[in-house]
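The values are calculated or read from the model by the stated rules, or taken from the named source; none is laboratory data. Predicted, not measured: the structure shown is a model, and the values here were computed from it. Glycine also receives a Cβ, built like all others from the backbone with ideal geometry; neighbour counts cover every protein chain displayed.
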Amino acid sequence: MEDTATILAHISSLKEMLDQVNEEIEANIQVTREIESSIVKCEEIEINLENKEAELIKTSGMLQFENVGFVTVAADLRASVSSLEKELGSLKMKRNEIVNGMDEKRDIDKRENCEASTLLSEKHSLENEIQLLDKKNDVLKNSVLAFVEEILEDLHSSNSALEVEIQRRNWENEKLLKDINDLKNTLLSAIGTSNCASQMQQLYQDLEEHEASAVTPLNFAVGTSGLS
């Protein structure tokens, strides 16, 4: 009878230990489910960040393409201004030659008033033409400067908006990495108290892989040095 009572007491003790182990296993399973759910959410966030990163890279490429176009237009305008300046210099040289010729002819033959009048008329005509070209040159220079200034302001505004968006994405990425580290710490604590060490270890390795594949911080700005 005593042996039977001892056996029953031992069985009762083993049953209590088994119930306690089952409770711990159930708690660990619940923690594991929560961790898996968090990992799935992290993966969704990571995919979303990758898609947004691709959109930002695409936008950056478009800005670079527009930047190249603006630089080309500005270069063409500068070439036009240079050509006009050369033409203006040539006209000024011709005017000087004509004025010198008129002075010489006036000294040689002061009586040829008709011819002198014609030369004076040509002189005034050339002077008027040069003044008109000067005005056109000034208008073109002002237009080029205003156009280039507007391009630079647009590029600066686009770069500022892009940098703000990149900083926000970097902040989200850093928050994601912090959440993964918190999950790692929780999982390490669970491994220390769990009897399902191999399963927990596998989950920890999966979490390490998710952390390693996290989106790296973005750092990009469209250059505008080509317009300076």
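Observations on the structure shown:
- Exactly one residue among Glu43, Glu16, Glu55 is under 30 Å from Glu174 (Cβ atoms), at pLDDT below 85 and not β-branched (Val, Ile, Thr), and that residue is Glu43.
- The range 56-88, subset over 22 Å from Asn142 (Cα atoms), in contact with a Leu (Cβ under 9 Å, 6 or more places away or on another chain) and not small (Gly, Ala, Ser), residue surrounded by the fewest Cβ atoms within 10 Å (Cβ to Cβ): Ile57
- Against the test of being free of Cβ contacts under 8 Å to residues at least 60 places away in the same chain and exposed (fewer than 10 other Cβ atoms within 10 Å of the Cβ), the options Ile108, Ile47 yield a single qualifying residue, Ile108.
- When Val40, Val71, Val31 are screened for being part of a helix (DSSP H, G or I), touching a residue at least 40 places away in the same chain (Cβ under 8 Å) and closer than 24 Å to Lys184 by Cα, only Val31 passes.
- Those residues of the range 1-28 which are free of Cβ contacts under 8 Å to residues at least 12 places away in the same chain, surrounded by 12 or more Cβ atoms within 10 Å (Cβ to Cβ) and among the polar types (S, T, N, Q), in sequence order: none
- Whichever residue in the range 134-154 is closer than 28 Å to Lys92 by Cα and either of a type in the set (D, E, K, R) or not in a helix (DSSP H, G or I) (or both) and, among such residues, is nearest to the chain's Cα centre (by Cα): Lys141
- In the range 1-28, the residues that are of a type in the set (D, E, K, R) and not in a helix (DSSP H, G or I): none
- Being of a type in the set (A, V, I, L, M, F, W, C), under 24 Å from Leu155 (Cα atoms) and touching a helix residue (DSSP H, G or I) at 6+ places or on another chain (Cβ under 8 Å) is true of Phe70.
- Residue among Leu91, Leu145, Leu132 that is of a type outside the set (Val, Ile, Thr) and touching a Leu at 6+ places or on another chain (Cβ under 7 Å): Leu91
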